[in-house]
Structure formats: structure tokens, C-alpha cells
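Enquirer: Here it is, the structure in full.
The values are calculated or read from the model by the stated rules, or taken from the named source; none is laboratory data. Everything quoted here is computed from the prediction, not taken from an experiment. Neighbour counts run over all protein chains shown; Cβ positions are idealised from the backbone, glycine included. For the accessible areas, the whole protein counts, side chains as well, though only heavy atoms, and no ligand, DNA or RNA atoms are used. Shrake-Rupley method; radii C 1.70, N 1.55, O 1.52, S 1.80 Å.
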Amino acid sequence: HSLFDPFIALIDGWRFSFVFPDCRGYGARRATAGPRTIAGVAEDILATADALGWPRFHLIGHSMGGMAAQRLIIDAPERLASTVLLAPVPATGARIDAARREMLQRAIADPAARRALIDANSGRKQSAAWVDDVLHLEGDGLQRRAHQVRPGGAAVDAEDGAARVRIPVGRAQSGEGG
């Protein structure tokens, strides 16, 4: 959850409650037993909401968190007041070819390779200081997540469930109002 620390000062804590949970396998829950799957992350999100007494909640999912949010849209739409997906991994998974896998593996141990990856993934549009800040935030987190870089990616079986979803969906892209 420390990856989101730079955003804490920007959120409205007077009007809204926010939670940045560590799901099993991450942060303070690195040693927590249970499946390290998208379904497991979705279960952790629901368990967190239950522990907080939130029968319905708004959910923001980034990257793999976006994939877990898509799982919740299908499995527990009645729990979601709204969902925002930020650069989500597609619900059907993201395939990793051999060259990409090798690049990701190299970035785990080599800060220069990791910096190049961050720069490429942000469209080479950010300042060097911004890329360095993100590199610093990542820290040794990549070392802990190294086991998750697998050939073929991880797919969510969303085909059947997607047809049942009745949640309004909007889309915003750069140049379309922000």
C-alpha cells in the first residue's frame, strides 16, 4: 500500500473513507496463507469491506487491482456502488511472451532496467525526476513480487459473467476531458 502514499495528501478524507489494503502475498500480508490469485485478491477486498461494515462501496482498481475489480463486477456487483479501472490488466489476462518475460525478470534485479521499464510504460512522457520517484516507490517490492512473473499471464474467466453485468460503464482517454 505504500505505493499509493503520494496520493494520500490529495484525497478528501473529510468526505470519504479510503482503504489501501495489502492483499495476501503483498506488504504486511506477505506470509498470509491462501491462493495468490485474482479471485483471492477479490476475496480479500470483500473481506476488508465486511470487516469495515461496508455492504456497498466504491472501488478503484489499478493494474492487477483493476483485474480484481473486474472479477468483483462479475461476482459481486450488488456490493459495488461504482468502479473505476485505471490501466487495468484485461479480465481475460495479459499474455507475456518470452522477450517481455526476460525484460521483466531483468528489471527485478537491475534498477537501470527497471527505470527503463517505468519510462517505457509511462510513454516516455514523464520527467526523469518523476521516473526516479516511481523507481524509489517500487523499491524492493519487485523482489517480493518476482514469483508472479509467469509465462502466459493469468486469466479471469469473465466471458459468462460479463453478459450478466448491469453496471453503467464510461470511458475516458487522454484528450477526452482530461
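Enquirer: Kindly indicate which of 114, 36, 101, 71 is under 23 Å from residue 7 (Cα atoms), of a type in the set (Lys, Arg) and touching a residue at least 24 places away in the same chain (Cβ under 8 Å).
Expert: Going through 114, 36, 101, 71 in turn, just one is under 23 Å from residue 7 (Cα atoms), of a type in the set (Lys, Arg) and touching a residue at least 24 places away in the same chain (Cβ under 8 Å): 114.
Enquirer: Out of everything in region 3-25 that is in a loop (DSSP other than H, G, I, E, B) and touching an Asp or Glu at 6+ places or on another chain (Cβ under 8 Å), what residue ends up being surrounded by the most Cβ atoms within 10 Å (Cβ to Cβ)? It would help to see each step written out before you state the result.
Expert: Start the filter on region 3-25 by keeping residues that are in a loop (DSSP other than H, G, I, E, B), which leaves 9-25.
Subsequent filtering for residues that are touching an Asp or Glu at 6+ places or on another chain (Cβ under 8 Å) retains 21, 23-24.
Values: 21: 19, 23: 22, 24: 20.
Restricting to residues being in a loop (DSSP other than H, G, I, E, B) and touching an Asp or Glu at 6+ places or on another chain (Cβ under 8 Å), the top hit is 23.
Enquirer: Being assigned to a loop (DSSP other than H, G, I, E, B), over 26 Å from residue 133 (Cα atoms) and of a type outside the set (A, V, I, L, M), is that true of even one residue in region 82-91?
Expert: Checked against the condition, which is being assigned to a loop (DSSP other than H, G, I, E, B), over 26 Å from residue 133 (Cα atoms) and of a type outside the set (A, V, I, L, M), region 82-91 yields at least one hit.
Enquirer: If you take the residues of region 1-25 that are under 13 Å from the mean Cα position of the chain (by Cα) and closer than 16 Å to residue 68 by Cα, which of them is modelled with the lowest pLDDT?
Expert: 1
Enquirer: Moving to a separate point now. Looking at 109, 68, 28, 81, which is the one that is at pLDDT 85 or above and either under 27 Å from residue 136 (Cα atoms) or hydroxyl-bearing (Ser, Thr, Tyr) (or both)?
Expert: When all the criteria are applied, what remains is 68.
Enquirer: Among what's in region 60-76 and is among the small types (Gly, Ala, Ser) and assigned to a helix (DSSP H, G or I), pick the residue that is nearest to the chain's Cα centre (by Cα). Explain how you work it out, then say what you get.
Expert: At the first step, the residues of region 60-76 found to be among the small types (Gly, Ala, Ser) are 61, 63, 65-66, 68-69, 76.
Checking which are assigned to a helix (DSSP H, G or I) leaves us with 65-66, 68-69.
Working: 65: 3, 66: 5, 68: 8, 69: 9 Å.
It comes out as 65.
Enquirer: Pull out all pairs, ordered by first then second residue, where Cβ-Cβ is under 6 Å, the residues are six or more apart or on different chains, the first lies in region 10-30 and is closer than 18 Å to residue 49 by Cβ and among the basic types (Lys, Arg), and the second is part of a loop (DSSP other than H, G, I, E, B) and open to solvent by less than 90 Å² (accessible area, probe 1.4 Å).
Expert: The qualifying pairs are 24/32; 24/34; 29/22.
Enquirer: I would also like to ask the following. If you take the residues in region 31-59 that are open to solvent by less than 60 Å² (accessible area, probe 1.4 Å) and not in a helix (DSSP H, G or I), which one is modelled with the lowest pLDDT? Before the answer, list the steps.
Expert: Just the residues of region 31-59 that are open to solvent by less than 60 Å² (accessible area, probe 1.4 Å), to begin with: 32, 34, 38-42, 44-49, 53, 57, 59.
If we keep only those that are not in a helix (DSSP H, G or I) too, we end up with 32, 34, 53, 57, 59.
Values: 32: 84, 34: 80, 53: 95, 57: 95, 59: 94.
Residue satisfying both the conditions and the ranking: 34.
Enquirer: Would you be able to tell me the number of residues in region 92-113 that are assigned to a loop (DSSP other than H, G, I, E, B) and at negative phi?
Expert: Looking only at that region, the number is 6.
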